[in-house]
Amino acid sequence: MINFFKKKKYLVDLLDGFVDMHNHILPGIDDGAKTVNESIQLIDGFASFGVAKLIATPHIMHNYYDNNFESITKALALVAQELKKNGKTTIIDAAAEHMIDSNFETLLTEKQVMPLNKNYLLIEMSYLQRPINFDESIIAIAHNRLYPVLAHPERYSFIHGKTKKYNDFKQQGILFQLNMLSLSEFYGKEVQKMAHKLLEADMIDFISSDVHNLNQLNSLKKITLSKKTKYLLQPIIEHTNERFG
């Protein structure tokens, strides 16, 4: 078990053995890594502070990133082949981050979604407004015997300051995944404030990096934590590892 009560200044010091269940390390299929070489650089960066497993979650977003099982597994195979060739031992797997858009329920109906660990479906929505089919999509996810995991709830500025909206999401059975970078000012002070508010309200279920590029990875390494924040993160890190390890 990780000793969270040692004096540790940096977030990455808590990630030895961690399972990162949301990132964009696969090459050339979304706004994440562009090449296999960049994928390997990102994986090496995660390995340098002890991350044991990465579950890549490229976007599935209609008319933008129309990924599917074939495109994602093909990109995964390219990276896995390169890791094996170079004797690297980081475990990688793949799922997807699904945008709640006009095509989402069709993907569900046709069994074209890619869950995490068979049962958890990573979802996101527009940063500008709630999709008109959001509630119907959550019901459809449940009907497919999947647990909805809302990526980075702290980043949806249109619900900042509306605690009831977050409570409504939780009552719908939606799990929350916090972005590590949100604990800093990387996305702005308002996102950082909301991240800590959700953390202190015990509303966060999982935590992950959502890293897309080397700049984000390097920013992740600079995040420092207060003693209180480290204490609050302990069960979330352990829960993430238990569910996706």
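Counting only residues that are crowded, with 18+ Cβ neighbours inside 10 Å and closer than 15 Å to E124 by Cβ, segment 85-106 holds 8 of them. Considering segment 69-84, the residues that are open to solvent by less than 40 Å² (accessible area, probe 1.4 Å) and of a type outside the set (G, A, S) include one that is nearest to D44 (Cα to Cα), namely L83.
Against the numbered list (1) modelled with pLDDT of 95 or more; (2) open to solvent by 60 Å² or more (accessible area, probe 1.4 Å); (3) not β-branched (V, I, T), L198 comes up short only at (2). Among the residues of segment 10-37, those identified as of a type outside the set (F, W, Y), farther than 19 Å from I91 by Cβ and either more than 19 Å from the chain's Cα centre (by Cα) or open to solvent by 40 Å² or more (accessible area, probe 1.4 Å) (or both) are D13, G28, D31, K34, T35, N37.
When the residues of segment 159-189 are narrowed to those that are loosely packed, with under 14 Cβ neighbours inside 10 Å and modelled with pLDDT of 95 or more, which ends up nearest to A96 (Cα to Cα)? First the steps, then the outcome.
The initial filter retains those residues of segment 159-189 that are loosely packed, with under 14 Cβ neighbours inside 10 Å, namely 161-164, 167-168, 171, 173, 188-189.
Subset that is modelled with pLDDT of 95 or more: 167-168, 171, 173, 188-189.
Working: N167: 25, D168: 25, Q171: 24, G173: 20, G188: 26, K189: 28 Å.
Checking each candidate, the answer is G173.
Return a yes/no flag: does segment 228-237 have any residue that is outside any helix (DSSP H, G or I), touching a Leu at 6+ places or on another chain (Cβ under 6 Å) and either buried (at least 17 other Cβ atoms within 10 Å of the Cβ) or aliphatic (A, V, I, L, M) (or both). Scanning segment 228-237, I find no residue that is outside any helix (DSSP H, G or I), touching a Leu at 6+ places or on another chain (Cβ under 6 Å) and either buried (at least 17 other Cβ atoms within 10 Å of the Cβ) or aliphatic (A, V, I, L, M) (or both), so the answer is no.
Quick one: count up the residues across segment 52-111 that are among the aliphatic types (A, V, I, L, M) and part of a helix (DSSP H, G or I).
Step one: filter segment 52-111 for residues among the aliphatic types (A, V, I, L, M), giving 52, 54-56, 60-61, 72, 75-80, 83, 91-92, 94-96, 99-100, 107-108.
Next cut, part of a helix (DSSP H, G or I) only: 72, 75-80, 83, 107-108.
Qualifying residue count for the region: 10.
If you go through segment 116-158 and pick out every residue that is within 21 Å of H24 (Cβ to Cβ), of a type in the set (A, V, I, L, M) and surrounded by fewer than 13 Cβ atoms within 10 Å (Cβ to Cβ), you end up with 1. Filtering segment 31-51 to residues that are in a loop (DSSP other than H, G, I, E, B) and within 15 Å of K84 (Cα to Cα) leaves nothing. Note on segment 201-217: among residues that are without any contact (Cβ under 8 Å) to a residue 60 or more places away in the chain and either touching a strand residue (DSSP E or B) at 6+ places or on another chain (Cβ under 9 Å) or at negative phi (or both), the one that is surrounded by the most Cβ atoms within 10 Å (Cβ to Cβ) is I207.
The values are calculated or read from the model by the stated rules, or taken from the named source; none is laboratory data. Please read these numbers as outputs of a predicted model, since none were measured by experiment. Reconstructed Cβ throughout: ideal geometry from the backbone, glycine too, with neighbour counts over all protein chains shown. Keep in mind that these areas ignore ligands, DNA and RNA; they rest on the heavy atoms of the full protein, side chains included. Shrake-Rupley method; radii C 1.70, N 1.55, O 1.52, S 1.80 Å.
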